[in-house]
Amino acid sequence: MKFDQAAFEGTTPQCAGKVVYQRQVESTNDVAKKAVNAGLASSGSIYLAEFQSAGRGRGGNRWVCREGEGLLFSLVVEPDVDVLFWNRMSLAVGLALVNTIKDFGLNVTMKWPNDIYLGDKKLGGILIEKVNDFLIVGVGLNVNVQSFPDEIAETATSISTRIGEVVDREELLSKIVHRIYQCGSMIGESFGSLIEQVMESFYLSNQMVRMTVDGKEILGEVLGLDENGYLMLKETGNDGKLMKIHQASEIKKLSLS
Ligand code: BTN
(Lines give C-alpha, C1' and ligand atoms only; values in the text may rest on other atoms or scores of the structure.)
Protein backbone atom coordinates (compact mmCIF):
# COMPACT_ATOMS: atom_id res chain seq x y z
CA MET A 1 0.00 0.00 0.00
CA LYS A 2 1.24 3.50 -0.90
CA PHE A 3 2.67 5.60 1.94
CA ASP A 4 -0.03 7.99 3.14
CA GLN A 5 1.73 11.33 3.57
CA ALA A 6 -1.35 13.05 5.03
CA ALA A 7 -1.73 10.32 7.67
CA PHE A 8 1.96 10.62 8.51
CA GLU A 9 1.79 14.40 8.81
CA GLY A 10 -1.23 13.99 11.09
CA THR A 11 0.89 12.04 13.55
CA THR A 12 4.21 13.76 12.94
CA PRO A 13 6.00 14.91 16.06
CA GLN A 14 6.56 18.63 16.40
CA CYS A 15 10.29 18.16 15.90
CA ALA A 16 9.76 17.09 12.29
CA GLY A 17 9.93 19.66 9.55
CA LYS A 18 8.66 19.52 6.00
CA VAL A 19 8.09 16.12 4.44
CA VAL A 20 9.05 15.50 0.83
CA TYR A 21 7.60 12.23 -0.49
CA GLN A 22 8.51 10.75 -3.86
CA ARG A 23 7.57 7.42 -5.35
CA GLN A 24 11.02 6.70 -6.78
CA VAL A 25 14.44 8.28 -6.36
CA GLU A 26 18.02 7.12 -6.77
CA SER A 27 18.82 7.64 -3.08
CA THR A 28 16.94 9.68 -0.47
CA ASN A 29 20.31 10.71 1.00
CA ASP A 30 21.22 12.27 -2.33
CA VAL A 31 17.85 14.03 -2.55
CA ALA A 32 18.38 15.43 0.96
CA LYS A 33 21.96 16.49 0.18
CA LYS A 34 20.87 18.37 -2.92
CA ALA A 35 18.12 20.10 -0.94
CA VAL A 36 20.62 21.16 1.74
CA ASN A 37 23.08 22.44 -0.84
CA ALA A 38 20.31 24.37 -2.58
CA GLY A 39 19.23 25.93 0.73
CA LEU A 40 15.86 24.19 0.49
CA ALA A 41 16.15 22.01 3.60
CA SER A 42 16.25 22.84 7.27
CA SER A 43 16.76 20.79 10.41
CA GLY A 44 13.85 18.34 10.61
CA SER A 45 13.18 18.08 6.87
CA ILE A 46 12.37 14.51 5.87
CA TYR A 47 12.89 13.05 2.40
CA LEU A 48 11.26 9.71 1.80
CA ALA A 49 10.62 7.39 -1.10
CA GLU A 50 8.84 4.14 -1.85
CA PHE A 51 11.72 2.86 -3.96
CA GLN A 52 15.39 3.65 -4.49
CA SER A 53 17.15 2.68 -7.70
CA ALA A 54 20.58 3.35 -6.18
CA GLY A 55 20.11 3.06 -2.40
CA ARG A 56 23.46 3.22 -0.67
CA GLY A 57 24.90 1.65 2.46
CA ARG A 58 28.23 1.96 4.24
CA GLY A 59 31.43 0.93 2.52
CA GLY A 60 29.96 1.10 -0.99
CA ASN A 61 27.26 -1.49 -0.20
CA ARG A 62 23.86 -1.25 -1.84
CA TRP A 63 20.57 -0.98 0.03
CA VAL A 64 17.86 -2.91 -1.76
CA CYS A 65 14.17 -3.01 -0.93
CA ARG A 66 11.14 -3.63 -3.15
CA GLU A 67 8.73 -0.76 -3.72
CA GLY A 68 6.46 0.04 -0.78
CA GLU A 69 7.89 -2.68 1.48
CA GLY A 70 10.16 -0.63 3.67
CA LEU A 71 10.82 2.74 5.18
CA LEU A 72 13.46 4.58 3.17
CA PHE A 73 14.07 8.07 4.40
CA SER A 74 16.64 10.74 5.12
CA LEU A 75 16.19 13.16 7.98
CA VAL A 76 18.14 16.42 7.97
CA VAL A 77 19.51 17.22 11.43
CA GLU A 78 21.52 20.17 12.69
CA PRO A 79 23.10 18.86 15.91
CA ASP A 80 23.50 21.41 18.70
CA VAL A 81 26.77 19.90 19.98
CA ASP A 82 30.39 20.32 18.93
CA VAL A 83 31.14 18.84 15.51
CA LEU A 84 33.61 16.48 17.24
CA PHE A 85 30.64 14.59 18.65
CA TRP A 86 28.73 14.21 15.42
CA ASN A 87 29.98 10.67 14.81
CA ARG A 88 28.00 9.68 17.92
CA MET A 89 24.78 10.22 16.02
CA SER A 90 24.85 6.77 14.46
CA LEU A 91 24.56 5.17 17.92
CA ALA A 92 21.74 7.56 18.83
CA VAL A 93 19.80 6.69 15.68
CA GLY A 94 20.48 2.99 16.25
CA LEU A 95 19.08 3.23 19.77
CA ALA A 96 16.04 5.13 18.47
CA LEU A 97 15.33 2.32 16.00
CA VAL A 98 15.92 -0.41 18.58
CA ASN A 99 13.61 1.23 21.12
CA THR A 100 10.87 1.76 18.55
CA ILE A 101 11.01 -1.77 17.15
CA LYS A 102 11.02 -3.27 20.65
CA ASP A 103 7.46 -1.94 20.96
CA PHE A 104 6.45 -4.75 18.55
CA GLY A 105 7.70 -7.24 21.15
CA LEU A 106 10.74 -8.06 19.04
CA ASN A 107 14.14 -8.73 20.53
CA VAL A 108 16.00 -6.36 18.26
CA THR A 109 19.68 -5.52 18.64
CA MET A 110 22.17 -3.04 17.30
CA LYS A 111 25.25 -4.17 15.44
CA TRP A 112 27.95 -1.54 15.81
CA PRO A 113 28.17 0.88 14.22
CA ASN A 114 25.07 1.17 12.06
CA ASP A 115 23.02 -2.00 11.61
CA ILE A 116 19.82 -3.23 13.20
CA TYR A 117 19.44 -6.98 13.66
CA LEU A 118 16.76 -9.48 14.57
CA GLY A 119 18.50 -12.69 15.52
CA ASP A 120 21.26 -13.09 12.95
CA LYS A 121 19.37 -11.30 10.18
CA LYS A 122 19.57 -7.69 9.15
CA LEU A 123 16.45 -5.60 9.61
CA GLY A 124 17.76 -2.10 8.99
CA GLY A 125 20.75 0.10 8.35
CA ILE A 126 21.83 3.67 8.94
CA LEU A 127 23.95 5.83 6.65
CA ILE A 128 24.87 9.24 8.05
CA GLU A 129 26.57 11.80 5.87
CA LYS A 130 27.72 15.32 6.66
CA VAL A 131 26.80 18.28 4.46
CA ASN A 132 27.80 21.77 5.60
CA ASP A 133 26.32 22.26 9.09
CA PHE A 134 23.91 19.37 8.73
CA LEU A 135 23.84 15.63 9.10
CA ILE A 136 21.83 13.59 6.63
CA VAL A 137 20.50 10.67 8.65
CA GLY A 138 19.57 7.99 6.13
CA VAL A 139 17.57 5.03 7.40
CA GLY A 140 16.50 1.91 5.56
CA LEU A 141 14.19 -0.46 7.41
CA ASN A 142 12.53 -3.63 6.13
CA VAL A 143 8.94 -3.28 7.29
CA ASN A 144 6.28 -5.13 5.26
CA VAL A 145 8.38 -7.39 3.09
CA GLN A 146 6.62 -10.11 1.11
CA SER A 147 9.69 -11.47 -0.64
CA PHE A 148 13.29 -10.32 -0.46
CA PRO A 149 15.44 -9.67 -3.53
CA ASP A 150 17.72 -12.70 -4.13
CA GLU A 151 20.90 -10.94 -3.01
CA ILE A 152 19.61 -10.49 0.55
CA ALA A 153 17.13 -13.38 0.79
CA GLU A 154 19.35 -15.34 3.19
CA THR A 155 20.56 -12.46 5.33
CA ALA A 156 17.62 -10.07 5.77
CA THR A 157 14.37 -10.02 7.67
CA SER A 158 11.47 -7.61 8.13
CA ILE A 159 9.13 -6.61 10.94
CA SER A 160 6.04 -8.12 9.27
CA THR A 161 7.91 -11.36 8.56
CA ARG A 162 8.47 -11.72 12.31
CA ILE A 163 5.17 -10.53 13.72
CA GLY A 164 2.95 -11.94 10.96
CA GLU A 165 1.06 -8.67 10.54
CA VAL A 166 1.21 -5.69 8.23
CA VAL A 167 2.73 -2.68 9.98
CA ASP A 168 1.38 0.87 9.72
CA ARG A 169 4.42 2.59 8.15
CA GLU A 170 3.14 6.12 8.76
CA GLU A 171 2.79 5.57 12.50
CA LEU A 172 6.11 3.73 12.61
CA LEU A 173 7.97 6.56 10.87
CA SER A 174 6.41 9.09 13.21
CA LYS A 175 7.61 7.15 16.27
CA ILE A 176 11.08 6.69 14.81
CA VAL A 177 11.52 10.40 14.07
CA HIS A 178 10.35 11.27 17.56
CA ARG A 179 12.83 8.83 19.08
CA ILE A 180 15.70 10.04 16.86
CA TYR A 181 15.23 13.47 18.40
CA GLN A 182 15.03 12.00 21.91
CA CYS A 183 18.17 9.88 21.51
CA GLY A 184 19.93 12.53 19.41
CA SER A 185 19.67 14.94 22.34
CA MET A 186 21.91 12.52 24.32
CA ILE A 187 25.04 12.75 22.15
CA GLY A 188 26.46 15.57 24.30
CA GLU A 189 26.51 15.40 28.10
CA SER A 190 24.23 12.37 28.35
CA PHE A 191 26.26 10.19 26.03
CA GLY A 192 27.30 7.84 28.87
CA SER A 193 23.69 6.99 29.51
CA LEU A 194 23.09 6.47 25.79
CA ILE A 195 26.02 4.00 25.67
CA GLU A 196 24.57 2.11 28.65
CA GLN A 197 21.25 1.77 26.86
CA VAL A 198 22.89 0.67 23.60
CA MET A 199 24.83 -2.00 25.53
CA GLU A 200 21.53 -3.50 26.73
CA SER A 201 20.68 -4.45 23.14
CA PHE A 202 24.09 -5.01 21.63
CA TYR A 203 24.38 -7.68 18.94
CA LEU A 204 28.13 -8.10 19.32
CA SER A 205 28.39 -8.45 23.12
CA ASN A 206 31.10 -10.95 24.06
CA GLN A 207 31.21 -12.30 20.52
CA MET A 208 34.28 -13.48 18.67
CA VAL A 209 34.47 -11.43 15.49
CA ARG A 210 36.55 -10.77 12.41
CA MET A 211 36.91 -7.37 10.74
CA THR A 212 39.30 -5.35 8.64
CA VAL A 213 40.81 -2.27 10.24
CA ASP A 214 43.07 -0.02 8.16
CA GLY A 215 43.47 -2.79 5.59
CA LYS A 216 44.49 -5.40 8.17
CA GLU A 217 42.33 -8.38 9.18
CA ILE A 218 41.77 -8.60 12.92
CA LEU A 219 40.17 -11.30 15.06
CA GLY A 220 39.10 -10.82 18.62
CA GLU A 221 36.46 -10.78 21.30
CA VAL A 222 34.15 -7.78 21.60
CA LEU A 223 34.21 -6.36 25.12
CA GLY A 224 31.75 -3.53 24.55
CA LEU A 225 31.86 0.19 23.82
CA ASP A 226 34.06 2.76 25.49
CA GLU A 227 32.86 6.18 26.72
CA ASN A 228 33.24 7.62 23.20
CA GLY A 229 31.26 4.87 21.51
CA TYR A 230 34.31 3.12 20.05
CA LEU A 231 34.31 -0.66 19.91
CA MET A 232 36.57 -2.33 22.47
CA LEU A 233 38.15 -5.52 21.21
CA LYS A 234 40.46 -8.00 22.90
CA GLU A 235 42.62 -9.11 20.02
CA THR A 236 43.21 -12.82 19.49
CA GLY A 237 46.97 -13.40 19.64
CA ASN A 238 49.11 -10.30 20.02
CA ASP A 239 49.00 -10.91 23.83
CA GLY A 240 45.27 -10.16 23.87
CA LYS A 241 45.94 -6.50 23.19
CA LEU A 242 42.98 -4.20 23.92
CA MET A 243 42.04 -2.25 20.81
CA LYS A 244 39.66 0.67 20.42
CA ILE A 245 38.14 0.52 16.97
CA HIS A 246 36.94 3.76 15.42
CA GLN A 247 36.08 2.41 11.98
CA ALA A 248 36.03 -1.05 10.49
CA SER A 249 34.79 -3.01 7.51
CA GLU A 250 31.65 -5.05 8.01
CA ILE A 251 32.10 -7.08 11.18
CA LYS A 252 31.58 -10.84 10.90
CA LYS A 253 30.57 -12.89 13.92
CA LEU A 254 32.59 -16.11 14.13
CA SER A 255 30.67 -19.25 15.04
CA LEU A 256 32.21 -20.96 18.05
CA SER A 257 31.31 -24.48 16.95
C1 BTN B 1 23.95 0.15 5.64
O2 BTN B 1 23.35 -0.90 5.82
O3 BTN B 1 25.19 0.18 5.43
C4 BTN B 1 23.19 1.45 5.67
C5 BTN B 1 21.98 1.42 4.77
C6 BTN B 1 21.25 2.75 4.73
C7 BTN B 1 20.13 2.75 3.70
C8 BTN B 1 19.33 4.01 3.74
S9 BTN B 1 17.85 3.86 2.77
C10 BTN B 1 17.57 5.57 2.91
C11 BTN B 1 18.92 6.25 2.75
N12 BTN B 1 19.24 6.45 1.35
C13 BTN B 1 20.27 5.72 0.95
O14 BTN B 1 20.74 5.68 -0.20
N15 BTN B 1 20.75 5.03 1.99
C16 BTN B 1 20.01 5.27 3.20
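The values are calculated or read from the model by the stated rules, or taken from the named source; none is laboratory data. The structure displayed is predicted, hence computed values, not measured ones. Methodologically, a virtual Cβ is constructed for each residue, glycine included, from the backbone with ideal geometry; neighbour enumeration extends over all protein chains shown. What goes into the accessible areas is simple: the full protein's heavy atoms, side chains included, and nothing from ligands, DNA or RNA. Shrake-Rupley method; radii C 1.70, N 1.55, O 1.52, S 1.80 Å.
Across bins of 10 angstrom width beginning at 0, how are the C-alpha pair distances of the stretch 146-236 distributed, in whole percent?
The calculated distribution, bin by bin, is 13, 26, 33, 26, 2.
Could you compute Rg(Cα) / (2.2 N^0.38 Å) for the stretch 1-109, with N its residue count?
So the Cα radius of gyration is 1.12 times the expected 2.2 N^0.38 Å.
Give me the 1.4 Å probe accessible area per residue for the chain, excluding ligands and nucleic acids, in Å². It would help to have the intermediate numbers written out before the result.
Values: 12330 Å² over 257 residues.
Per residue, the chain has 48 Å² of solvent-accessible surface.
For the chain, take the longest principal axis of its alpha carbons; what is the angle in degrees between that and the long axis of helix 191-200, to the nearest 10 within 0 to 90?
80 degrees
Nearest 10 degrees, 0 to 90: what angle lies between the long axis of helix 89-102 and the longest principal axis of the chain (Cα atoms)?
Long axis of 89-102 versus the principal axis of the chain: about 70 degrees.
Could you rank the peptides 150-159, 45-54, 202-211, 88-97 by their average count of other C-beta atoms within 10 Å per residue, with the highest value first?
88-97, 45-54, 202-211, 150-159
When ranked by the protection proxy of mean other Cβ atoms within 10 Å per residue, highest first, what sequence do the peptides 81-87, 67-73 form?
67-73, 81-87
Considering the options G57, M186, F73, tell which one lies farthest towards the positive end of the dipole of the chain, charges being +1 on Lys and Arg and -1 on Asp and Glu at the Cβ, about the Cα centre.
The listed residue farthest towards the positive side: G57.
Return the carbon/sulfur percentage of the accessible area of the chain, one whole number, probe 1.4 Å, all protein chains in place.
After summing per-atom areas, the C and S share lands at 47 percent.
Rounding to the nearest 20 debye, state how big the charge dipole of the chain is about its Cα centre with +1 on each Lys and Arg Cβ and -1 on each Asp and Glu Cβ.
340 debye
Among M208, N238, L225, whose Cα sits farthest toward the positive end of the charge dipole of the stretch 208-253 (+1 at Cβ of Lys/Arg, -1 at Cβ of Asp/Glu, about the Cα centre)?
Value computed over the given set: M208.
Using only the alpha carbon atoms of the chain, find the Kirkwood hydrodynamic radius as the inverse mean reciprocal pair distance, in angstroms to one decimal.
Mean inverse Cα-Cα distance, inverted, gives 18.7 Å.
Calculate how steeply helix 28-37 sits against the longest principal axis of the alpha-carbon atoms of the chain, using the helix alpha-carbon long axis, and give the answer as 0 to 90 degrees to the nearest 10.
It is inclined by approximately 70 degrees.
Could you tell me the relative contact order of the stretch 5-199? Use alpha-carbon pairs under 8 Å, at least six residues apart, and round to a whole percent. Walk me through the numbers on the way to the answer.
On the way: 368 pairs, mean separation 45.6, N = 195.
It comes to 23 percent, rounded to a whole number.
Where the only charges are on Cβ atoms (+1 Lys, Arg; -1 Asp, Glu), what is the dipole of the stretch 65-181 about its Cα centre, to the nearest 20 debye?
With only Lys, Arg, Asp and Glu charged at Cβ, the dipole is about 320 debye.
Short version: ³J(HN,Hα) in whole Hz for each residue of the stretch 2-11, in order, from phi by Karplus 6.51 cos²θ - 1.76 cosθ + 1.60 (θ = phi - 60°), x for Gly and Pro, what are they?
Whole-Hz 3J(HN,Hα) from phi for the stretch 2-11: 4, 5, 9, 4, 5, 5, 4, 5, x, 10.
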